[in-house]
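Below you'll find the structure, written out as structure tokens, and then a few comments.
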Amino acid sequence: MMISNQLKPMEGKVSPIDKRISILLFFIIIFGAAIIFRLFFLQVIQHSFYLSLAQERQEVLKSLIPQRGSIYVRENGELYSLVTNREYFLVYAEPAKISDVGKVIDRLTPILNLEEKEWKELLGRISKKNDPYEPVKHKVTKKQVEELEKLNLAGIGFLPETYRFYPEKGLGSHIFGFVGIKDDKKIGQYGLEGYFDQELSGRPGLIKSFKDAIGSLITIGPRSIKKAENGIDLVLSLDRQIQYTACQKLKRFYDSYQAQGGTVIIMAPKTGAILAMCSYPDFDPAEYQLTKDINYFNNPAIFYEYEPGSVFKTMTMSAALDVGKITPETTYEDTGELKIGPFTIRNFDNRAYGQQTMTQALAQSLNLGAAYAAEQIGRNVFQDYVKRFGFGQVTGLELETEVDGSIKNLEKIADVYYLTASYGYGISVTPLQLAAAYGAIANNGLLMKPYVVAEKILVDGTNLITKPESISQVISEKTASIITGMLTQVVESSYDRKAKVPNYYLAAKTGTALIPAPGGGYGNETIHTIVGFGPVRNPAFVILIKMDKIKNGPRFASDSIGPLFGEIAKFLLNYYQIEPDY
């Protein structure tokens, strides 16, 4: 009885052992649930995140650099390279692997042609033993690398590099531009290299592969490749023989006159194709960093605007002829000065010429003759024709940094502004605008858009041919014929006869323009310009020559660059095998 009572459990009470077991089981369940939830969170909810992270640590991405497009001209149907790519090498050092720095410097110096300043600076850099990498020299030739390889120098390595190669060097540098470094990337700047940078550069490719836990590439693992797309090639409208000859002749006069600048443009009037274009001073695109003045990079034919002077009288006469307000025989009384309110317009020599025809006024380059013609048509009509000829707007030539000039003075109400513009003052133009405007006269009054890219060759071999583009009929064919006759008289029997080529009729006009002074008014320095075309019966070329601030030469453009115009015109007439007129 007593025994059975002792063995009977105590009702309503939990033993301490059971309580501890229950608590332990509770925490085990909570901990297990937390682990399960964490695994679920990592493997399901954040699966994409960690998969991406793992791939990032395993993936190796390598950029594939496309080949930059080349620039050519065609000669007898064959492509001739003006700008292409050339393979060089970067020589680099791994200082940690170099035991005798002095010996390495001694071996590198004669082969790499290091100057004292260069090798001393290099000595300091590669003496740092904890430095993993130091570039030694860029643009090293294959021959130099082969010489270095024979020495088997520990800690010296080589990497291939591609650089632009310009066989013509400075000839045409303002057309080409160059490839420079910007934000550690190669980028085309100025000229064609800048204008077509994206198309010439192409599109980079990409190789994606994987590495193992210790960082070694898995050669048999998955790999994806996006191929690089090379840049397009350009074929120019330039004629190499014309370009070379015109530029060499310009250089001779430029040097002789100690001029600050010189420019020549030769254009085909019927198409707008640029056959030659160069300026001095020039630069070597392959060594652009050595150029002492960055302003040399700008193309003076399209970037520098200036007051053109008397060459603009041709535009004024053309406008007045086209609206029927004058004829070549129309006369006016040249008194030597024209009063316009507080202003006075005078001829270049301050002389009075008496009764003059329009042909005589143009031939003798009389400011009062141009002002008279402008007065007959008024400010609004004059402004309209100036715009028709393409002034105050870019031509659209495929070169970087073209400016539009300024004809804002023509919007002013006072008559003095458009009357001074009638003989080329108070407005600014570019040489190319002038060449294109004279080209319109040579092309029966039809203005063509200038172009220098004749073809684009796409990566797949497709040729995109540039089609000549007409802008507008600026003046009638009849007017173009009349003003051409007047310009022919300028060459045949006036100040500009030094531009004449025996047995041929050419049309041209010179201008000697004073340069505006910084504080207002004009100084004594001048810019000389001549623009013309030939032969008159069927124009094959337009020539513009501009010479800035001549120090050692004639005072007037007719004497300074008139002969140069004649030399270039004579060459072109012979080059094209054009029969004499008489």
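Before moving on, here are some points about what is shown:
- Any hit, region 537-544, residues being over 15 Å from residue 432 (Cα atoms), among the β-branched types (Val, Ile, Thr) and buried (at least 23 other Cβ atoms within 10 Å of the Cβ): no
- Residues of region 130-146 classified as over 14 Å from residue 90 (Cα atoms) and either surrounded by fewer than 11 Cβ atoms within 10 Å (Cβ to Cβ) or at pLDDT 90 or above (or both), total: 2
- Selection count, region 266-304, where residues are touching a residue at least 40 places away in the same chain (Cβ under 8 Å) and under 26 Å from residue 567 (Cα atoms): 20
- Region 179-197 residues that are on the phi > 0 side of the Ramachandran plot and modelled with pLDDT of 95 or more, paired with ones that are surrounded by 21 or more Cβ atoms within 10 Å (Cβ to Cβ) and part of a helix (DSSP H, G or I) (beta carbon under 7 Å, 6 or more apart): 190/297; 191/174; 191/175; 191/176
- Residue list for region 264-316, restricted to those being charged (D, E, K, R), more than 27 Å from residue 424 (Cβ to Cβ) and part of a helix (DSSP H, G or I): 287
- Number of residues in region 464-492 that are without any contact (Cβ under 8 Å) to a residue 40 or more places away in the chain and under 30 Å from residue 78 (Cα atoms): the value is 4.
- Identity of the residue in region 424-438, of a type in the set (Gly, Ala, Ser) and in contact with a Gly (Cβ under 7 Å, 6 or more places away or on another chain), that ends up farthest from residue 483 (Cα to Cα): 428
- Boolean, residue 526 is surrounded by fewer than 24 Cβ atoms within 10 Å (Cβ to Cβ) and modelled with pLDDT of 95 or more: yes
- Complete set of residues in region 359-374 that are more than 11 Å from residue 313 (Cα to Cα) and either small (Gly, Ala, Ser) or in contact with an Asp or Glu (Cβ under 8 Å, 6 or more places away or on another chain) (or both): 359
- First in region 569-582 and without any contact (Cβ under 8 Å) to a residue 40 or more places away in the chain, second anywhere and part of a loop (DSSP other than H, G, I, E, B), Cβ under 9 Å, 6 or more apart: 576/540; 579/535
- For region 560-579, the criterion of a residue being of a type in the set (Ser, Thr, Tyr) and touching a helix residue (DSSP H, G or I) at 6+ places or on another chain (Cβ under 6 Å) is satisfied by no position.
- Residue count for region 290-335, restricted to those that are hydroxyl-bearing (Ser, Thr, Tyr), farther than 30 Å from residue 194 by Cβ and under 37 Å from the mean Cα position of the chain (by Cα): 4
- Inter-residue pairs, beta-carbon under 6 Å, first in contact (Cβ under 8 Å) with a residue 24 or more places away in the chain and in region 348-362, second surrounded by 13 or more Cβ atoms within 10 Å (Cβ to Cβ) and part of a loop (DSSP other than H, G, I, E, B), 6+ apart: 358/326; 358/328; 358/330; 359/328
- Test for residue 432: is it touching a residue at least 12 places away in the same chain (Cβ under 8 Å), among the aliphatic types (A, V, I, L, M) and part of a helix (DSSP H, G or I): yes
- Selection over region 453-481 of residues that are outside any strand (DSSP E or B) and surrounded by fewer than 20 Cβ atoms within 10 Å (Cβ to Cβ) gives a count of 13.
- Test for residue 451: is it over 18 Å from residue 391 (Cβ atoms) and either touching a Gly at 6+ places or on another chain (Cβ under 8 Å) or among the aromatic types (Phe, Trp, Tyr) (or both): yes
- Hits in region 322-374 (condition: hydrophobic (A, V, I, L, M, F, W, C) and closer than 23 Å to residue 476 by Cβ): 323, 326, 358, 361, 362, 363, 370, 373, 374
- Among the numbered conditions (1) closer than 30 Å to residue 470 by Cβ; (2) not in a helix (DSSP H, G or I), the only one that residue 413 does not meet is (1).
The values are calculated or read from the model by the stated rules, or taken from the named source; none is laboratory data. Every value quoted in this text rests on a predicted model; they were computed, and no experiment measured them. Please note: Cβ atoms are built from the backbone with ideal geometry, for glycine as well, and neighbour counts cover all protein chains shown.
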